[in-house]
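Read the structure below first, then the notes.
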Amino acid sequence: MTHEVQPDYIGAKMGMWLFLFTEILLFGGLFVLFAVHLSRYPAGFHAGSATLSVPFGSANTVVLITSSLTMALAVTAVQRGERRRTLALLGATVGLAGVFLINKFFEWSAKFQHGIYPGSEHMLEMEKGQAAFYAMYYAMTGLHGLHVVIGMCVIAWVMGLVAAGRVHRDRFVTLENAGLYWHLVDLVWIYLFPLFYLVT
Amino acid sequence: MADSGAAGNGFLGPVAGAGHVRAWLFSTDHKRIGLLYLTCILVMFVVGVLLGLAIRLELIAPGETIMGAQTYNAVFTLHGVVMIFLVVIPSIPAAFGNIILPLHIGAEDVAFPRLNNFSWWLYVIGACIAVSALFTGDGPPDTGWTFYVPFSAVTTTNVGLAVTAVFILGFSSILTGLNFIVTIHRLRAPGMGWGRLPLFVWTLYATAWIQVLATPILGITALLIVAERVLGMGIFDPARGGDPILYQHLFWIYSHPAVYIMILPAMGVVSEIIPVFSRKRIFGYGTIAASSLAIAFAGSLVWAHHMFTSGMSDTAVLVFSLLTFVVAIPSAVKVFNWVATLYKGAIRLEPPLTFALCFVFLFCVGGLTGLVLGSAGTDVHVHDTYFVVGHFHYVIFGGTGFGLFGAMHYWFPKIFGRMYDRRRANASALILAVGLNVLYFPMLILGLQGMPRRYYDYLPQYTDMHVVSTVGSWIVAVGLALMFWNLWRGLRAGQRVGANPWGAATLEWTLSSPPPHHNFAREPVVTAGPYEFAEVRLDDA
Ligand code: HEM
Ligand SMILES: [Cu+2]
């Protein structure tokens, strides 16, 4: 009834922030594991980190931060009632997310080619610290990649809502919440990048 | 039900312009969703009880009795998974929290009604996956409900599916908690300040925070088990730089707080029932409310008391042992408050109160044995013995279970507009309480004597106690059968009741029984606390 017509803006935001908390905690478990492993095998982590490609990682960081920008611009655009521009900016965000994934794909394939992937022969023979490093690498960037995919789906869905006129200048909390989610995905990467690529 | 006409049937009656089944399964009405949860939970409870009875039957004598060792492992694993993740964790919050919380605070619904329906569907999907783990793959999981690595990473049984189910159920639990927090913050009726919230709402609030903050850790743990099994990730495998103890930490960081997800709402129910049937304002409203939050907070810091024997440092053992004792304080505060409320009250021993009193007694036994386990010195002796099994059944079955049964009897007339046979209900409560003690007290003794848990066979000197315990399980079964049959009869043919058969003072009793589709026709304005009985009018038909 009443809240169908006039959604509770603050309530919706509050719900989203709580949900983001749970996402942070989900990654938090992995960050704790990372910390323990790092303190146990500093040398192995150092060596493992040296094998990752900083240019690749940096490029992806730039891509994701740019996508956060287009997302933020999309929110502003919808608030101004500029539907075409909103859609274009959201499209750009999804596109950049795609670039991120393609980049990641090449990065992972290169490692796979060297026989470094979970459960491989090579990983079994590896020095323990380095094996632990790669295990954490695949677990954390993998989970992050999964979130990128989910984020792309969410943004595509919101694009549908915008196109259908269900999200517009007087009712944009869905888009804003999708934006928050995307910023979280970006933020997690901003922590992953130095941890994996720059700890050497 | 056709005889009563749509108007008298409140939210149970048909919805205009919708098919009956659809209108239930896709309902966004919190009351209907709560009832859907309750139905599923009770079905799963019956499944769990049958598995439990099978375990007890197997243990009535040494050696093989009715099943082989591998079957036994699967049966106790499934019993644990079903009972913990599908029954007790969702039980009171998802069922009665949904039905009662908006009514309690004078709201029209929860904050996100469609999300609410979605989380019920997640529950159903999780339940289906968990049950299908029984029949597919290479045999049902045999790890115990804790899925400890390394065994869970290497066993060929269907652990992956069961863990996926746990992940989905966890997601459902998070969404429910999130919904409740926003509801309590945003949708209170005018005049319903924090100091006037019914205590059940306070416990749901504390529970919701635990659900939101602890469950994601379970999520990541479940994902990592899948990664270990499917990809050979090696995060918990020492041969590849991993560490199985880390698994235990992650698991208990969720699962200890989870025991407070199980017990806090039950405490809330008891805090509602006791003042109503003593017709007295609850003693120490503020301390009860605060102790719920204190339990939630302190309870999150004690997970490692499950790991005293796993090789932590002595300092860690000392700290976690101390913290464990700290949690006992707010729990004890609640017990004192309940007893003080009863003292010199005008007591009516109606079924809800009988269940609440049994709760208090059984919870005390469970809590005190918890202290034995919480002090590192004694825990080393009884760790992983039947003492632990006895302890947690006293708290989970005696606590959460009786809280749930109490809630079922307390809100039954409100939800269905009918009354069950009260004498029979009281009798079932007593049979259950007696059965529970016969079932679980011998386990405490067995544990002290050194009988390890999760064993399929045992030495002959333990036989007597096992026989007593198994007989207890039959008494419990009789009590449950009587209780469910009585409620079913009441549902079908019970006497009709009015709006407020117990003479309670919270808002839901101002509505007709059953409540109408959209709760309050006019937004209520709250002018008195939830336990001010002076103005209340009894309305018993
Ligand atoms: C409030 C409701 C409670 C519930 C639902 C509960 C539930 C449980 C469960 C399910 C277990 C067994 C875990 C397993 O499978 O290994 C357990 C063990 C344990 N509980 Fe509780 N518990 C509660 C309260 C307490 C309290 C108040 C204390 C201490 C003050 C406590 C201390 C312990 C300890 C130390 C263990 C570990 C025993 C061992 O494995 O050596 N519990 N509890
Ligand atoms: Cu615990």
Is it the case that some residue within segment B:158-165 is touching a Pro at 6+ places or on another chain (Cβ under 8 Å), open to solvent by less than 60 Å² (accessible area, probe 1.4 Å) and of a type outside the set (A, V, I, L, M, F, W, C)? yes
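Of all residues in segment B:358-399, which are in contact with a Pro (Cβ under 9 Å, 6 or more places away or on another chain) and within 14 Å of ligand 2 (Cβ to nearest atom)? Write out each step before concluding.
Narrowing segment B:358-399 to residues in contact with a Pro (Cβ under 9 Å, 6 or more places away or on another chain): B:384-386, B:390.
The one that is in contact with a Pro (Cβ under 9 Å, 6 or more places away or on another chain) and within 14 Å of ligand 2 (Cβ to nearest atom): B:Asp384.
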So, in segment B:216-246, how many residues would count as being within 15 Å of B:Tyr148 (Cβ to Cβ) and within 16 Å of ligand 2 (Cβ to nearest atom)? 2
Do you know which of the residues in segment B:287-313 that are within 12 Å of ligand 1 (Cβ to nearest atom) and within 14 Å of chain A (Cβ to nearest Cβ) is surrounded by the most Cβ atoms within 10 Å (Cβ to Cβ)? B:Trp303
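Might you check whether a residue that is within 16 Å of ligand 1 (Cβ to nearest atom) and within 15 Å of the chain's Cα centre (by Cα) occurs anywhere in segment B:381-393? So that I can check it myself, show each step before the final result.
Filtering segment B:381-393 down to residues within 16 Å of ligand 1 (Cβ to nearest atom) leaves B:381-393.
Those still in the list that are within 15 Å of the chain's Cα centre (by Cα) too: B:392-393.
Yes, segment B:381-393 has at least one match.
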Scanning segment B:314-325 residue by residue, those more than 13 Å from ligand 2 (Cβ to nearest atom) and open to solvent by less than 80 Å² (accessible area, probe 1.4 Å) turn out to be B:Ala316, B:Val317, B:Val319
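Which of the residues belonging to segment B:198-218 are among the hydroxyl-bearing types (Ser, Thr, Tyr), open to solvent by less than 10 Å² (accessible area, probe 1.4 Å) and under 22 Å from A:Glu23 (Cα atoms)?
First, the residues of segment B:198-218 that are among the hydroxyl-bearing types (Ser, Thr, Tyr): B:203, B:205, B:207, B:215.
Of the ones still in play, those that are also open to solvent by less than 10 Å² (accessible area, probe 1.4 Å) are B:203, B:207, B:215.
Answer for segment B:198-218, where residues must be among the hydroxyl-bearing types (Ser, Thr, Tyr), open to solvent by less than 10 Å² (accessible area, probe 1.4 Å) and under 22 Å from A:Glu23 (Cα atoms): B:Thr207, B:Thr215.
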Of the criteria (1) under 23 Å from the mean Cα position of the chain (by Cα); (2) modelled with pLDDT under 95; (3) away from ligand 2 (no atom under 16 Å from the Cβ), which one B:Gly144 fails: (3)
Quick count over segment B:219-251, residues being open to solvent by 20 Å² or more (accessible area, probe 1.4 Å) and within 16 Å of ligand 1 (Cβ to nearest atom), is 4
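Do we have any residue at all in segment B:103-111 that's small (Gly, Ala, Ser), more than 16 Å from B:Leu175 (Cβ to Cβ) and part of a helix (DSSP H, G or I)? Talk me through it step by step, then tell me what you get.
Filtering segment B:103-111 for residues small (Gly, Ala, Ser) gives B:106-107, B:111.
Still in the running and more than 16 Å from B:Leu175 (Cβ to Cβ): B:106-107.
Within this subset, residues satisfying the condition of being part of a helix (DSSP H, G or I) are none.
Taking every residue of segment B:103-111 in turn, none turns out to be small (Gly, Ala, Ser), more than 16 Å from B:Leu175 (Cβ to Cβ) and part of a helix (DSSP H, G or I).
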Search result, residues across segment B:92-136 that are away from every other protein chain (no Cβ under 14 Å) and in contact with a Gly (Cβ under 8 Å, 6 or more places away or on another chain): B:Ile92, B:Pro93, B:Ala94, B:Ala95, B:Phe96, B:Gly97, B:Asn98, B:Ile99, B:Ile100
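Can you tell me how many residues within segment B:101-112 are open to solvent by 10 Å² or more (accessible area, probe 1.4 Å) and either at pLDDT 95 or above or of a type in the set (A, V, I, L, M, F, W, C) (or both)? If you could, list the steps in order and put the result at the bottom.
Here is the first cut: in segment B:101-112, the ones open to solvent by 10 Å² or more (accessible area, probe 1.4 Å) are B:108-109, B:111-112.
Cutting the leftovers down to either at pLDDT 95 or above or of a type in the set (A, V, I, L, M, F, W, C) (or both) gives us B:111-112.
Count: 2.
Being part of a helix (DSSP H, G or I) and open to solvent by 20 Å² or more (accessible area, probe 1.4 Å): is that true of B:Leu51 here?
Details: part of a helix (DSSP H, G or I): yes; open to solvent by 20 Å² or more (accessible area, probe 1.4 Å): yes.
The answer is yes for B:Leu51.
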Of the residues B:Cys364, B:Cys358, which single one is away from ligand 1 (no atom under 11 Å from the Cβ), out of contact with any Leu (no Cβ under 7 Å at 6 or more places or on another chain) and away from chain A (no Cβ under 14 Å)? B:Cys358
Test: residue in segment B:460-476 that is part of a loop (DSSP other than H, G, I, E, B), on the phi < 0 side of the Ramachandran plot and more than 26 Å from the chain's Cα centre (by Cα): no
Report, ordered by the first and then the second residue, all pairs with beta carbons closer than 7 Å, sequence separation of six or more or different chains, a first member in segment B:514-541 that is free of Cβ contacts under 8 Å to residues at least 40 places away in the same chain and in a loop (DSSP other than H, G, I, E, B), and a second member that is open to solvent by 30 Å² or more (accessible area, probe 1.4 Å) and of a type outside the set (D, E, K, R). B:Glu535/B:Ala528
Can you tell me which of (1) of a type outside the set (Asp, Glu); (2) at pLDDT 95 or above; (3) closer than 30 Å to B:Ala165 by Cβ is the one B:Ile273 doesn't meet? (3)
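Is it the case, given these coordinates, that B:Ala266 is away from ligand 2 (no atom under 16 Å from the Cβ), open to solvent by less than 30 Å² (accessible area, probe 1.4 Å) and more than 14 Å from chain A (Cβ to nearest Cβ)? Please lay out each step first, then the result.
Details: away from ligand 2 (no atom under 16 Å from the Cβ): yes; open to solvent by less than 30 Å² (accessible area, probe 1.4 Å): yes; more than 14 Å from chain A (Cβ to nearest Cβ): yes.
Yes; evaluated as a whole, the condition is true for this residue.
Condition check ((1) over 19 Å from the mean Cα position of the chain (by Cα); (2) under 30 Å from B:Leu482 (Cβ atoms); (3) outside any helix (DSSP H, G or I); (4) in contact (Cβ under 8 Å) with a residue 60 or more places away in the chain) across all residues:
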residue: B:Ala296; (1), (2), (3), (4): no, no, no, yes
residue: B:Gly311; (1), (2), (3), (4): yes, no, yes, yes
residue: B:Leu323; (1), (2), (3), (4): yes, no, no, no
residue: B:Val326; (1), (2), (3), (4): yes, no, no, no
residue: B:Trp338; (1), (2), (3), (4): yes, yes, no, yes
residue: B:Val372; (1), (2), (3), (4): yes, no, no, no
residue: B:Val395; (1), (2), (3), (4): no, yes, no, yes
Flag for B:Gly97 being within 16 Å of ligand 1 (Cβ to nearest atom) and open to solvent by less than 20 Å² (accessible area, probe 1.4 Å): no
Counting only residues that are more than 7 Å from chain A (Cβ to nearest Cβ) and not in a loop (DSSP other than H, G, I, E, B), how many does segment B:227-248 have? 9
In segment B:309-321, the residues that are more than 17 Å from B:Pro257 (Cβ to Cβ) and touching a Gly at 6+ places or on another chain (Cβ under 9 Å): B:Ser321
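Looking at B:Lys334, B:Lys344, which is the one that is of a type in the set (D, E, K, R), more than 14 Å from chain A (Cβ to nearest Cβ) and either assigned to a helix (DSSP H, G or I) or within 15 Å of ligand 1 (Cβ to nearest atom) (or both)? Please lay out each step first, then the result.
Values: B:Lys344 fails: either assigned to a helix (DSSP H, G or I) or within 15 Å of ligand 1 (Cβ to nearest atom) (or both).
Testing whether each residue is of a type in the set (D, E, K, R), more than 14 Å from chain A (Cβ to nearest Cβ) and either assigned to a helix (DSSP H, G or I) or within 15 Å of ligand 1 (Cβ to nearest atom) (or both) leaves just B:Lys334.
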Unique match (being more than 22 Å from the chain's Cα centre (by Cα) and without any contact (Cβ under 8 Å) to a residue 12 or more places away in the chain) among B:Phe112, B:Phe135: B:Phe135
Suppose we keep only residues that are open to solvent by 30 Å² or more (accessible area, probe 1.4 Å) and free of Cβ contacts under 8 Å to residues at least 12 places away in the same chain within segment A:20-31. Which one would you say is nearest to B:Gly234 (Cα to Cα)? A:Leu25
Restricting attention to segment B:438-459, the residues that are open to solvent by 20 Å² or more (accessible area, probe 1.4 Å) and either of a type in the set (A, V, I, L, M) or on the phi > 0 side of the Ramachandran plot (or both) number exactly 6
Here is a list of conditions, (1) part of a helix (DSSP H, G or I); (2) open to solvent by 10 Å² or more (accessible area, probe 1.4 Å), and B:Arg188 meets all of them except one; can you say which number that is? (1)
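Considering each of B:Gly406, B:Gly435 in turn, give the residue that is part of a helix (DSSP H, G or I), open to solvent by less than 30 Å² (accessible area, probe 1.4 Å), among the small types (Gly, Ala, Ser) and within 15 Å of B:Gly52 (Cα to Cα). Explain how you work it out, then say what you get.
Details: B:Gly406 fails: within 15 Å of B:Gly52 (Cα to Cα).
So the residue among B:Gly406, B:Gly435 that is part of a helix (DSSP H, G or I), open to solvent by less than 30 Å² (accessible area, probe 1.4 Å), among the small types (Gly, Ala, Ser) and within 15 Å of B:Gly52 (Cα to Cα) is B:Gly435.
The values are calculated or read from the model by the stated rules, or taken from the named source; none is laboratory data. Remember, it's a predicted structure, so these values are computed and weren't measured experimentally. Cβ: placed from backbone, ideal geometry, glycine included. Neighbour counts: every protein chain shown. These accessible areas exclude ligands, DNA and RNA; they are computed on the full protein's heavy atoms, side chains included. Shrake-Rupley method; radii C 1.70, N 1.55, O 1.52, S 1.80 Å.
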